[in-house]
1. Find the Cα radius of gyration of region 98-201, compare it with 2.2 N^0.38 Å by division, and give the number to two decimals.
2. What's the exposure ranking of ILE53, ILE168, going from fewest to most Cβ atoms within 10 Å?
3. Viscosity 0.692 mPa s, temperature 37 °C: give me the Stokes-Einstein translational D for the chain in µm²/s, with Rh taken as the Kirkwood radius over C-alpha pairs.
4. Taking every eigenvalue of the Cα gyration tensor of region 157-233, multiplying by 5 and rooting it, what semi-axes result, largest first, whole Å?
5. Would you mind checking the pairs LYS13/LYS207; LYS103/LYS218; LYS13/LYS103 and listing those with alpha carbons more than 27 angstrom apart?
6. What share of the DSSP beta bridges in the chain is antiparallel, in percent to the nearest 5?
7. Among the lysines, which have Cα under 26 Å from the Cα of LYS311 when same-chain residues fewer than 8 positions away are ignored?
8. Using a cut-off of 16 Å between alpha-carbon atoms, which aspartates and glutamates can reach LYS313, once sequence neighbours fewer than 8 places away in the same chain are excluded?
Amino acid sequence: MNFRPNYTRPAGKIYEEFFLAYLAHTHDLNILATCELVGAARNIPSWVPDWSISSEARSLPVYSAAGNSVGNVQHIGHGILRASGIGCATINHMEETFPQGMKYHPLSVIAAIQRLCPRDLLENCSSYALGGSLLEAYCRTFIVDLFSENYIPPPTSYPPFKDCEDTIRYVLTCRSASNKDASQLSYEASSYLNCAFEYLRGRSFVKTDEGYIGIVPKSTKLRDRVCVLLGYSNPMVLRPIANGQFLVVGECYIEGLMYKSALLGPLPPHIQFVSRLNEEVGSYRNAYIDRESGDMSAHDPRLSPLPKGWKIKSHPKDHLEQIFEKGGGEGMKPIETYGDPRLTTEALRERGVPVVDFELV
C-alpha cells in the first residue's frame with residue numbers, strides 16, 4: 001500500500017486518508033474493528049478510527065458474522081461511506097457490566113452475572129431466539145463463545161463449555177458468595193470468571209426486540225441497530241440519525257449472529273463451526289465439523305453450488321483456505337479472490353437475503 005502521511009494536516013484527516021487508502025488497497029472492512037464512538041463530538045466521520053483515544057474494552061476476537069462475503073463499500077464523498085449489509089436487531093434494553101476502572105475480583109464478576117441473568121434462568125425452559133437454551137446463550141455471551149471445543153486442537157487457555165455451564169449454575173444458586181467461596185473455585189470456574197471480566201469490562205450488556213442478547217460498546221444507546229456489514233467479520237452497532245444515515249458506534253458480540261446466520265440462517269444441528277490451527281503457517285482457519293461422522297471441511301453446508309464458471313482452488317499451504325477462481329486459459333490469467341461469489345450483494349439478494357445499503361457518516 002502506497003501511503004505517505006502529511007503530518008502538517010490534522011490527525012483526524014490523516015486517519016481518514018489512511019482508512020481510505022487501506023480500503024482501496026485491501027477491500028477489507030475489518031479496519032472498522034478499531035472504531036468506537038467515544039467521548040465528545042468528533043471532527044471526523046464515525047467510520048474513521050480515532051487512534052488517539054484508548055478504550056477500556058478488550059478487542060473482540062475475529063468471528064465470521066459475514067463469512068468471506070464480498071464487501072460492497074464506496075466512499076461517495078462529503079464524509080459518507082456507503083456499505084452493504086443486513087439490519088439484524090434493535091436494542092431495547094441495556095445494563096452496565098462493571099464500573100469504569102474496576103479491577104478484577106471473582107466476587108465482582110459473580111455479582112455482575114447474577115444481576116445480568118434473569119432470576120428464573122435455571123428454571124426457565126424457554127429457547128433462545130436462534131435455538132438452544134437461554135442458559136446456554138447467557139453462558140456463551142459472557143465469554144464471547146471462547147470455549148475450547150470451538151478450536152482444534154483445543155487450547156488450554158479456554159475452558160470447556162460444560163464446565164462453564166456448571167459455573168453459571170453455581171453462580172446463580174450461590175446468592176451470598178464469600179471470599180472463602182471465591183478461593184475454593186475450580187480452575188475452570190476461575191478461568192470462566194476471568195474471561196468474562198476481560199470481555200464484559202468496558203462494554204454494556206443488551207437485549208433486542210428480536211430476542212437476542214449480547215455485549216456492545218458502552219456508548220450504545222436504546223434503539224441503536226445491530227447490523228452485519230458484508231466484508232466485515234463481526235456485527236456492528238449503528239445509530240440511526242437524520243436523512244436515513246448512520247453513525248458507527250462500534251463492533252459487538254450478539255449470541256447467534258457470529259457465524260453467518262444473519263446471511264444464511266442457522267447451521268444444521270449436527271454441524272459445528274470451528275477454528276482449526278494450521279501449524280505450518282501458525283494461524284487458525286474456519287471449518288465445519290460434522291459431529292456425527294467426524295468429517296471436517298471448509299465448505300459451509302448452507303451454501304448452494306458455485307455459480308457457473310467458478311471453482312475452488314486449494315491454497316498450497318492450507319487445504320481449508322479457499323481461493324475462488326474463474327476464467328483463465330488461452331493465455332488469460334484467471335480471476336482469483338478470497339471472496340465467495342455466492343456471498344456478493346447480488347447473490348445474497350437473489351437468495352432472498354434483505355441486503356440494504358447503509359450510509360455511514
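Throughout, read-outs are computed from the coordinates displayed, never taken from laboratory work. Here the structure is a predicted model, which is why all the values come from computation and not from measurement. Heads up, the Cβs are rebuilt from the backbone with ideal geometry, glycines too, and the neighbour counts pull from every protein chain shown.
1. 1.05
2. Listing ILE53, ILE168 from fewest to most nearby Cβ atoms yields ILE53, ILE168.
3. Value of D from the Cα-based Kirkwood radius: 149 µm²/s.
4. The equivalent ellipsoid of region 157-233 has semi-axes of 30, 15, 12 Å.
5. Correct reply: LYS13/LYS207; LYS13/LYS103.
6. So the antiparallel bridges amount to about 95 percent of the total.
7. LYS260, LYS326, LYS333
8. Cα-Cα hits under 16 Å: ASP300, GLU321, GLU325, GLU336, ASP340.
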